[in-house]
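Colleague: Before I ask anything, here is the structure I am working with.
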Amino acid sequence: MARPFLFGTNFKMNQTPVESATFYRELAATVQISPDTHLFVIPPFTSLSAVNDVGGQPPHKIWVGAQNVHWAPSGAYTGEISVSMLLALEVDLVLLGHAERRRDFHETDDELNRKVLAVLGAGLRVLLAVGETAEERSFGVGGETVLRQLKIGLHGVEPERLNLLQIAYEPVWSIGAGGTPASPGDVEPIASVIRAGCQDLFGGSGDEIPILYGGSVDPSNAGTFTALPDIDGLFVGRAAWTVEGFIATYQAGIHGWEGDRVTG
Ligand code: PEP
């Protein structure tokens, strides 16, 4: 089965509801979405309703994602958001395991597994982020780290839910303003570890799971990552925080991906 191309951004703790809705409206009005492609935008929780009110037409609706969720259906979890609350806001996707959540909020693989199962169980898409730190890389255990995150994070996922799953490989040392851009040569071996891990977990169906790359991606390097055989899209921060930057990076990425499909 051919995997789709995915491209999207996470606004992190930036933007008011009006700012997110304006971005989404302008993006939806401007971007040309290629066939077999899904775009997504992940604003703060407080922007979800305003962005979804802008709407869009299936099958080319730009997916709207949440940055996190709690695993429990309800209860005494002050400050948290449940899956049913996200369903009521009609979100399309939930980002789980971003490096900032793992680092600053101490999210563990076991907790992420509970979140993955809760989200998939409700029929929502998951974007699970995995990636090694600079220290883990320096010890030569980047592949082992990512494989552990993947195998614990996806433990118990039922094969019939795989169509809702996508993985983002984001080396922690490459993301954000202090990050060092990775090269395709850095990304390829870890992407192939992720692919092998998916196959190990789900057999041949593991080949259907899209793997996105994220970390200091911009229009100048986007196509070099998407030309890799195991990379099916991009998860972009800073470079996609303007509509022009989003579109330019998406176009560069899909160009590399289409070239890979032609020559690969
Ligand atoms: C990120 O923080 O997930 C990310 C990909 O950021 P950037 O593209 O800005 O490096």
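The values are calculated or read from the model by the stated rules, or taken from the named source; none is laboratory data. Note that this is a predicted model, so its numbers are computed, not measured. A quick note on method: Cβ atoms are made from the backbone with ideal geometry, for glycine too, and the neighbour counts reach across all protein chains shown.
Colleague: Report, by residue number, each residue of region 176-216 that is closer than 20 Å to Leu39 by Cβ, near the ligand (Cβ under 10 Å from one of its atoms) and of a type outside the set (Gly, Ala, Ser).
Modeller: Correct list: Leu212, Tyr213.
Colleague: Within region 47-135, which helices (runs of 4 or more DSSP H) (wholly inside it) include 2 or more residues that are under 21 Å from Asn10 (Cβ atoms) and in contact (Cβ under 8 Å) with a residue 40 or more places away in the chain?
Modeller: Here the list reads 48-54, 99-104, 109-121.
Colleague: Look at region 60-88 and say how many of its residues are out of contact with any Gly (no Cβ under 9 Å at 6 or more places or on another chain) and surrounded by fewer than 16 Cβ atoms within 10 Å (Cβ to Cβ).
Modeller: So the answer is 12.
Colleague: So which of Pro43, Pro17 is within 16 Å of the ligand (Cβ to nearest atom) and not hydroxyl-bearing (Ser, Thr, Tyr)?
Modeller: Only one candidate qualifies: Pro43.
Colleague: What number goes with the only condition from (1) closer than 27 Å to His155 by Cα; (2) hydrophobic (A, V, I, L, M, F, W, C); (3) modelled with pLDDT under 95 that Ile33 does not pass?
Modeller: Unmet for Ile33, out of (1) closer than 27 Å to His155 by Cα; (2) hydrophobic (A, V, I, L, M, F, W, C); (3) modelled with pLDDT under 95: (1).
Colleague: Of the residues that sit in region 217-228 and are touching a Pro at 6+ places or on another chain (Cβ under 9 Å) and of a type in the set (S, T, N, Q), which one is nearest to the ligand (Cβ to nearest atom)?
Modeller: Filtering first and then ranking leaves Asn221.
Colleague: Considering every residue within region 238-249, establish whether at least one is of a type in the set (A, V, I, L, M), under 16 Å from Glu132 (Cα atoms), within 16 Å of the ligand (Cβ to nearest atom) and at pLDDT 95 or above.
Modeller: Among the residues of region 238-249, not one is of a type in the set (A, V, I, L, M), under 16 Å from Glu132 (Cα atoms), within 16 Å of the ligand (Cβ to nearest atom) and at pLDDT 95 or above, which makes the answer no.
Colleague: Within region 156-166, how many residues turn out to be outside any loop (DSSP other than H, G, I, E, B) and either within 16 Å of the ligand (Cβ to nearest atom) or in contact (Cβ under 8 Å) with a residue 24 or more places away in the chain (or both)?
Modeller: Residues in region 156-166 being outside any loop (DSSP other than H, G, I, E, B) and either within 16 Å of the ligand (Cβ to nearest atom) or in contact (Cβ under 8 Å) with a residue 24 or more places away in the chain (or both): 7 in total.
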